[in-house]
Structure formats: structure tokens, C-alpha cells
1. I'd like to compare 222-233, 206-217: which one has the highest average count of other Cβ atoms within 10 Å, and what's the full order after that?
2. Where does each of 117-128, 396-407 land if you order them by average Cβ count within 10 Å, highest first?
3. Please give me the summed charge of the neighbours of LYS463: other residues whose Cβ is under 11 Å from its Cβ, Lys and Arg +1, Asp and Glu -1.
4. Out of every Cα-Cα pair in region 399-539, what percent are more than 26 Å apart?
5. Excluding THR68 itself, calculate the net charge of residues whose Cβ lies under 11 Å from the Cβ of THR68, where each Lys or Arg counts +1 and each Asp or Glu counts -1.
6. Under a point-charge model restricted to the Cβ atoms of Lys and Arg (+1) and Asp and Glu (-1), what is the dipole moment magnitude of region 61-135 relative to its Cα centre, in debye to the nearest 20?
7. Once phi is turned into θ = phi - 60°, what whole-Hz ³J(HN,Hα) does the Karplus curve with 6.51, -1.76 and 1.60 give for every residue of region 244-257, x standing for Gly and Pro?
8. Given H placed 1.01 Å from N in the peptide plane, which residues other than close sequence neighbours of VAL455 have an amide H under 5 Å from its amide H?
Amino acid sequence: MKKRLEAVGDKLYLNGEEFFLRSGTIHYFRIHPSQWRDRLEKLKRCGLNTVDTYIAWNVTEPKRGQFTYEGIADFERFISIAEELGLYVIVRPGPFICAEWEMGGFPAWLLNVDGIVLRHYNEPYLECVKAYFDAVLPRIVPHLSTNGGGIIAVQVENEYGGLKQPDVKYLTWIKNELISAGIDVLLFTSDGTWDNCLSDGSLDGVLMTANFGSKAAQIKEMVQALRPSSPFICMEFWNGWFDQWGDPHHVRRAEGIISELSDIINCGGHFNIYMFSGGTNFAFYNGSNCNPRFEPTITSYDYGAPIDEAGDVTEQYAMLQKLLTGKVDLPENIKKAAYPVPALKAHSVFDNLNSLGDTYTSELPLTMEECNSEYGYILYTVNVKGMSGVIDIGESRDRAMFYADGKLIGEYERGREYEPLEISGADELKILVENMGRVNYGAKMFDKKGLIEPVKIGGKTVKGYTINTLPMDVIPDLPQKEPSDEPMIYTCEFEVDEVCDTFLSPVGFTKGTAYINGFNLGRYWSIGPQRTLYVPAGTLKQGKNSLAVFDLYPAGDTKAELCDKPVLDSTGLKWA
């Protein structure tokens with residue numbers, strides 16, 4: 001049945017009947033596809049009528065002109081499951097999504113486009129956005145409620161007012177592209193409520209919505225002052241928050257969340273809970289803040305949500321269900337299991353560079369983007385015989401480790417104070433740089449990685465590099481080697497009898513990434529707060545499975561454990 005959601009006065013109507021938006025955000029790209037239905041069923045059972053999701057451009061078009069719609073990129077399947085369950089859908093196709101996601105959802109290859117200015121009326125940028133829209137929007141149109149599908153609303157850009165550089169021409173272009181593609185459902189903008197975000201990010205004729213986590217009555221007055229006759233909608237009710245390395249895990253009190261949400265309902269408002277289901281920044285897809293300090297987001301995007309990262313319902317879920325349905329009827333959690341893991345074998349990274357990436361030569365350092373390598377790591381090797389003094393690389397992007405003739409001598413980390421490193425008497429210098437996630441919000445999003453300035457030793461420029469990309473997207477079979485100062489890959493095979501969710505604890509390791517059957521689970525770091533990586537059952541198989549751990553530091557008493565409980569709030573320098 002075809003339906004249309006409309007804003008009339010201060011109310012929402014769906015095919016002429018008053019409609020109360022009760023929505024929750026689930027990011028399909030942060031959840032293994034095998035678990036999409038589970039999360040959506042739990043959303044409906046909680047008493048919500050709508051699911052909201054972004055579309056991540058960098059997942060859909062990882063290389064320019066190469067679009068993918070399979071596996072975790074299959075947003076159409078996610079929408080279809082929601083439709084099967086009788087849920088309405090809100091889609092936010094960007095092109096910018098923020099979401100603490102790598103580069104705010106922009107594909108890193110944009111940084112190689114000549115003359116590009118992100119999020120503005122800029123021809124090179126608009127050309128890329130149009131190609132993305134031309135590929136993606138036709139896949140959305142059949143799912144519009146006006147065509148009998150579940151999508152009742154689509155967002156124009158995302159939190160544009162926070163850019164503090166309003167460009168009405170650009171926002172209007174985005175709106176017109178959506179309309180030209182056949183998007184004829186309710187269009188809206190959403191912005192924060194500080195400074196002039198709401199006014200700077202809005203468009204005439206497009207519904208204005210606000211993002212906040214408290215003070216509903218006060219914010220309703222603010223919205224109505226700008227739009228006197230308009231529905232009051234909290235498009236992102238922040239019921240939790242994201243975590244950054246070294247800081248405690250964020251969780252709001254459930255009682256406080258329900259109280260603030262009740263205030264929205266009691267003043268006639270509509271809401272979308274951000275987030276309803278936690279998720280995971282698999283692989284290298286975590287974003288970073290830089291306001292002004294550079295702070296990468298951790299792998300877990302649990303967010304303190306009603307459904308946690310591993311799909312378990314929380315106290316918040318029970319209280320929300322009671323508020324919306326008048327009863328508590330909790331679904332069963334997904335079964336978790338522990339599995340024995342045998343001893344790990346070590347493999348050299350530096351001895352196998354040709355198997356792990358591409359090789360370039362250059363007089364001066366090249367960035368990762370200049371080497372057509374968007375994620376992971378990049379290694380610079382240069383002859384420094386006869387040179388001595390302090391090593392100066394300018395701003396590290398984002399974390400540089402230095403090896404003099406194979407021995408680890410120190411590290412620089414973006415935005416952190418450190419003791420200057422000196423080198424003397426060495427023949428060769430290796431600089432291994434980790435991309436810890438591009439900036440996902442604000443003025444510093446044009447965030448190229450690797451070495452972005454010439455390297456100097458004792459004030460003299462160092463020239464003549466061999467550069468090896470280490471995307472670490474595939475871990476090939478490598479010869480075994482005894483652990484050393486250099487980064488190593490550790491592997492083993494383990495048996496699974498009953499396939500269940502589990503959690504990887506890389507005990508004794510320091511910093512790196514881990515893989516199950518080739519699936520990149522994401523980053524770990526011993527400073528916490530998370531000490532385990534979530535392993536969805538969909539990445540495992542009955543029988544023999546493979547584990548690989550890539551660690552940057554010399555090995556100590558290291559082992560891997562697969563346990564049945566997560567640890568998401570333990571900061572410090574040693575494993576618990």
C-alpha cells in the first residue's frame with residue numbers, strides 16, 4: 001500500500017491519520033549482516049515503529065567508480081528486512097554522515113581529487129557526489145512508502161549547520177538531486193542545538209529537526225522560534241555516547257534516559273533514539289575527532305544503547321519497552337561461547353612486505369593517498385648513514401614508530417607531547433605510520449595520512465625512500481619466524497563445535513588488529529577502555545577456523561583467548 005508522511009502544522013500525518021514517530025537508529029554497516037534481522041526484531045518488540053539508518057558512501061564506493069552492494073554493504077537487504085517486519089524506515093544517504101565513522105562516511109579517494117572542497121558547492125566535489133547519488137538513489141526509490149515500500153523520510157545532508165560555513169546553494173543542490181532522482185517522501189534536515197546550527201543547516205520547504213539528549217521543553221521553544229508551525233522532532237536523541245582510546249566507557253543512567261525521553265513525548269514531540277543498537281567499527285572504519293586534539297574512536301560502538309554491541313538487551317531496553325508498550329517482554333539474548341585457542345605462530349612483517357602491499361620509490365615521502373592506499377599502515381625506509389640528530393617528521397598522521405637498523409627506538413603520536421628522538425650511527429631508518437582513522441567531523445576532515453612533510457635529521461632533509469603500503473586487508477600465508485622488535489603477525493587455527501558469538505581477548509599484546517577467517521574485527525589497544533573484540537557468529541564456521549593477530553610491539557607473554565563475555569570498560573596499560 002502506498003503511503004505518504006506529511007508535516008501539517010505542528011503534527012505528522014501518514015495518509016491523513018496522525019502519526020507519532022517512535023524510531024531508533026541501527027547502522028547496518030556496524031552489524032554483521034547475519035544479525036540484521038535479530039536487531040530489527042528487537043527494535044519492533046521494544047515498541048518502536050521506525051528504524052533509522054545512514055548509508056555509508058565509503059562502504060558503498062570504496063574505490064572511485066567501483067560500487068559494491070554485497071555483504072555488509074547491502075543496505076537494500078537491510079531495508080527489505082525492516083519492511084518484512086512492518087517497520088517504517090528513515091534513510092540518511094549523506095553524502096556526509098559523521099557518525100564517528102571514518103572520514104564521516106566520505107571515501108578516502110576524494111582526497112586525491114584535484115581542487116576538491118568537501119561539503120560545499122564545489123564542482124569537483126559535486127561531480128563525485130552526483131556519481132554516488134546516481135548509483136545509490138535508484139536503489140532507494142523502489143523502497144519509498146509512496147511506491148509501497150517502508151521509507152517514509154529522507155535526510156538532506158547531515159548536521160550541516162555545525163560546519164559554521166553555511167552554503168545554501170550546496171544544500172539546495174543536494175535537495176534537488178534527491179528530488180530529481182525520484183525521492184518524493186518527506187525531506188528533512190537535522191542539526192545540533194548550539195550556536196546557529198539549526199538556522200545554518202536548514203532549508204525553506206524542508207522539515208527542520210533537532211539533535212539533543214536533554215532539555216526537551218527548552219529546545220522545543222528554540223525550534224518553534226525558528227519554525228512556529230512545525231512538528232517538534234528530536235532526530236537524534238542521544239541516549240549514550242561514543243568512546244575514545246584511554247577514556248572510560250560511556251553509559252548514561254537508564255532512569256535519566258527514560259525521564260528525558262518522556263519529556264519529549266509529554267511536550268508532543270517525536271523522537272529517534274541514537275543509538276538503539278550498538279555496533280562495531282570493523283576493520284579500519286572508526287573515525288576520529290580533532291577539536292582541537294586528535295582523538296580516535298575505539299572499535300566498539302556499543303554507545304550504551306538499549307541493545308548492546310553484542311545484541312544483548314539492557315536495563316535501558318526494559319525501561320524503554322515499559323514506557324512504550326506498558327509491559328516488559330524481553331527477547332532472548334544471542335548465545336555466547338568460549339573456545340580454546342592453541343599457541344600462536346609468529347610471522348615477520350618487514351620480511352614479507354611484497355606479500356602485504358605495494359612498493360613505491362620517491363625522493364621525499366608520499367602520503368598514503370598518493371600511494372593509493374586508504375587504510376592501515378605505511379612504511380618508509382631510508383638510508384641515514386652518516387646522519388645524526390633529532391628526528392623531525394612534522395605532524396605525525398597518525399602514529400609513527402621508528403626503527404634504527406631494525407631496533408625500535410621510539411614513537412610519535414599525533415596531538416601528544418613526546419620526548420624528541422635522536423638517531424646516530426645507524427645505516428637505515430624505518431618509519432612505520434598507522435592511520436588511526438580520519439577526522440569525521442569539523443574543519444579538519446581533509447585528513448591525509450602517513451608522512452605529510454619532509455623528514456629531517458639534525459635539521460637536514462632526508463631523501464631517497466622505499467615506501468611500502470600495508471593495507472592489512474588480507475593476511476596471506478607467511479613463513480614462520482621468531483618474534484623480534486619488529487611488528488609481527490601471529491596465527492593459529494582453532495576448532496568450533498557450536499557456532500556462537502564470542503569475544504577475542506588478545507592477552508599480552510599491545511596494539512594492532514585481529515582477524516577471524518579473514519574478517520577484520522578491528523583495532524585493539526592495551527590502554528583500553530575495551531579489552532575484547534566482538535566476534536559475531538557469522539564470521540565463524542563449524543570445524544576449523546583461522547585467527548590472525550597483527551601487533552606493532554615486541555611480543556611478551558602473549559596469547560589469544562576467545563571468551564563468552566565482553567570487557568568494554570577497563571583502562572590502563574596492562575591487560576586485566
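1. Per-residue mean Cβ counts within 10 Å order the peptides as 206-217, 222-233.
2. Going from most to least packed, we get 396-407, 117-128.
3. Residues near LYS463 contribute +1 overall.
4. 39 percent
5. -2
6. Using Cβ point charges on Lys, Arg, Asp and Glu, region 61-135 gives about 180 debye.
7. Karplus-based 3J(HN,Hα) across region 244-257 equals 10, 4, x, 9, x, 5, 8, 9, 8, 5, 4, 4, x, 4 Hz.
8. VAL462
The values are calculated or read from the model by the stated rules, or taken from the named source; none is laboratory data. What you see is a predicted model; the values in this text were computed from it and never measured. Glycine also receives a Cβ, built like all others from the backbone with ideal geometry; neighbour counts cover every protein chain displayed. Note: accessible area is taken over every heavy atom of the protein model, side chains too, but ligands, DNA and RNA are not part of it. Shrake-Rupley method; radii C 1.70, N 1.55, O 1.52, S 1.80 Å.
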